[in-house]
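The values are calculated or read from the model by the stated rules, or taken from the named source; none is laboratory data. Remember, it's a predicted structure, so these values are computed and weren't measured experimentally. Backbone-built Cβ (ideal geometry, glycine too); neighbour counts: all protein chains shown.
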Ligand SMILES: Cc1cc2nc3c(=O)[nH]c(=O)nc-3n(C[C@H](O)[C@H](O)[C@H](O)COP(=O)(O)OP(=O)(O)OC[C@H]3O[C@@H](n4cnc5c(N)ncnc54)[C@H](O)[C@@H]3O)c2cc1C
């Protein structure tokens, strides 16, 4: 039977696989991306959700990573202003942890390493009695304020997949790579779908973007190099009712030199994380009692109203697939990405030199640069491939006039005066300029079908299923949206019944 031949077969629908598929499709390559579960089902939806340079990496002298990530922050703010927004961080000063001069020097670099920036520069501030000290113990008198950005990580993945598809890529979810071998200068891959069926495809190049499973995928590929250097480091978060009413986040220092963020989340909550725990079981990460205690103890050293176990409304954990650079301390292992290309010589016994590119490490923030670097590595195999293009391109729904989310929402409310402003705000945040395509000619709430609660309607769910590869309630409630968080158990069950999942 004749199998379809693609230029690129991408394994993994996390941010790195989706980013590479998008970039490659835009350069004219034919691309198939396969994701075993749902898009962003793993690490890419369990992050701290920051598009940041990583202030603390300066302490590890990771200047290249910080500079690239800061420059990317600007690029991504422009590309997707509906799902990425600036966020101020307050760093309360703790004299016994880091001296003021060191923090000032770090922030001076942080303000400048990324080149031209639209975000405000850092400054020192008083905390006691002012809004930048909201929720903190009164003993914190002074601190520093700097800017970074936050992202809806799972939606960033989906938007990359949508754009990849718009540029010709095929995206297959619930489809796993079972095995691959080189044959006649091509890769021949066996794919398994959830329904139990298998299929074969051929590809000129294979991209292993399987995140924590990068070594497992290498194990499925005949002739792949063995001994992948990957370290699995778990990070957990807790979500609690909002700890202060202001818009800023806190970056809190611990005596072990680690830092923990407290970030305003989904209007009503605060997101607190993260930990750094080396793990062997990376398939099913969950928060341990020790991690919960660590996070609570750390934030309670700062917060005026202490948090307890009973305040926790949700937790999640993810596993960083870090490149093993030999560092002993898990917090010190580089967050930079490493790409490894295995391309056999033409004279090899199986006749092929089809390349296999494996992705290690990385950050959500630098996924676009990682994709560019991956395609640079693959360029020798695709000499007719077009050049880099994503630096100035916007992601679906990101073309808000002047990048102004507030003005866009006002416009949307004017166009749909009979619809609830909170519902329109939720849609604008998730879909940007694509929101009207979902709303269509809805003149009243009932036109949007069943109201599932938490600003989720039947009309949007149909869109998420039909256009965004969602299949189950979990896809809809915890990845395409975060409506699962404020919903009651009965409301979540209703969505599951609606989707038959
Ligand atoms: C706790 C934590 C906090 C973080 N915070 C931040 C942050 O604030 N900012 C930031 O920039 N970065 C952050 N990161 C880093 C960032 O989240 C990761 O670098 C990134 O998400 C990794 O993406 P990925 O695509 O490589 O992996 P994944 O998202 O895990 O995607 C890999 C995919 O491959 C699929 N797969 C595996 N095997 C197969 C197969 N055989 N066939 C088909 N598919 C397969 C998996 O199902 C999975 O969906 C954080 C990471 C963690 C863990």
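Residues being assigned to a strand (DSSP E or B) and more than 10 Å from residue 221 (Cα to Cα): count how many of those fall in the stretch 172-187.
Looking only at that region, the number is 5.
Of the residues 159, 119, 97, 136, only one is touching a strand residue (DSSP E or B) at 6+ places or on another chain (Cβ under 7 Å) and surrounded by 21 or more Cβ atoms within 10 Å (Cβ to Cβ); which?
After ruling out the rest, the residue left standing is 136.
With the structure loaded, tell me whether residue 383 is without any contact (Cβ under 8 Å) to a residue 40 or more places away in the chain, in a loop (DSSP other than H, G, I, E, B) and within 30 Å of residue 356 (Cα to Cα) or whether it fails that test.
On the way: without any contact (Cβ under 8 Å) to a residue 40 or more places away in the chain: yes; in a loop (DSSP other than H, G, I, E, B): yes; within 30 Å of residue 356 (Cα to Cα): yes.
Here the answer is yes, as residue 383 does meet what is asked.
Of all residues in the stretch 205-246, which are closer than 30 Å to residue 133 by Cα and part of a strand (DSSP E or B)?
Within the stretch 205-246, 235, 236, 237, 238, 239, 240, 241 meet the criteria.
If you take just the strands (runs of 3 or more DSSP E) that sit entirely in the stretch 267-361, which of them hold at least 3 residues that are within 30 Å of residue 487 (Cα to Cα)?
Qualifying strands (runs of 3 or more DSSP E): 269-273, 314-323.
Looking at the stretch 488-501 only, could you name the residues that are out of contact with any strand residue (DSSP E or B) (no Cβ under 8 Å at 6 or more places or on another chain) and assigned to a loop (DSSP other than H, G, I, E, B)? Before the answer, list the steps.
First, pick out the residues of the stretch 488-501 that are out of contact with any strand residue (DSSP E or B) (no Cβ under 8 Å at 6 or more places or on another chain): 489-490, 492-493, 496-497, 499-501.
Those that are out of contact with any strand residue (DSSP E or B) (no Cβ under 8 Å at 6 or more places or on another chain) and assigned to a loop (DSSP other than H, G, I, E, B): 500, 501.
Which is away from the ligand (no atom under 16 Å from the Cβ), surrounded by fewer than 20 Cβ atoms within 10 Å (Cβ to Cβ) and under 27 Å from residue 145 (Cβ atoms), of 332, 327, 301, 289?
Details: 332 fails: away from the ligand (no atom under 16 Å from the Cβ); 327 fails: under 27 Å from residue 145 (Cβ atoms); 289 fails: under 27 Å from residue 145 (Cβ atoms).
Exactly one of 332, 327, 301, 289 is away from the ligand (no atom under 16 Å from the Cβ), surrounded by fewer than 20 Cβ atoms within 10 Å (Cβ to Cβ) and under 27 Å from residue 145 (Cβ atoms), namely 301.
Residues in the stretch 222-242 that are more than 10 Å from the ligand (Cβ to nearest atom) and either closer than 22 Å to residue 7 by Cβ or under 22 Å from the mean Cα position of the chain (by Cα) (or both): how many?
Here the count works out to 8.
Matching residues to (1) near the ligand (Cβ under 10 Å from one of its atoms); (2) at pLDDT below 95:
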| position | (1), (2) |
| --- | --- |
| 1 | no, yes |
| 11 | yes, no |
| 36 | yes, no |
| 62 | no, yes |
| 73 | yes, no |
| 84 | no, no |
| 89 | no, no |
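Name the helices (runs of 4 or more DSSP H) wholly within the stretch 417-487 that hold at least 3 residues that are out of contact with any strand residue (DSSP E or B) (no Cβ under 8 Å at 6 or more places or on another chain) and closer than 16 Å to residue 267 by Cα?
Of the helices (runs of 4 or more DSSP H) lying wholly inside the stretch 417-487, those with at least 3 residues that are out of contact with any strand residue (DSSP E or B) (no Cβ under 8 Å at 6 or more places or on another chain) and closer than 16 Å to residue 267 by Cα span 421-431.
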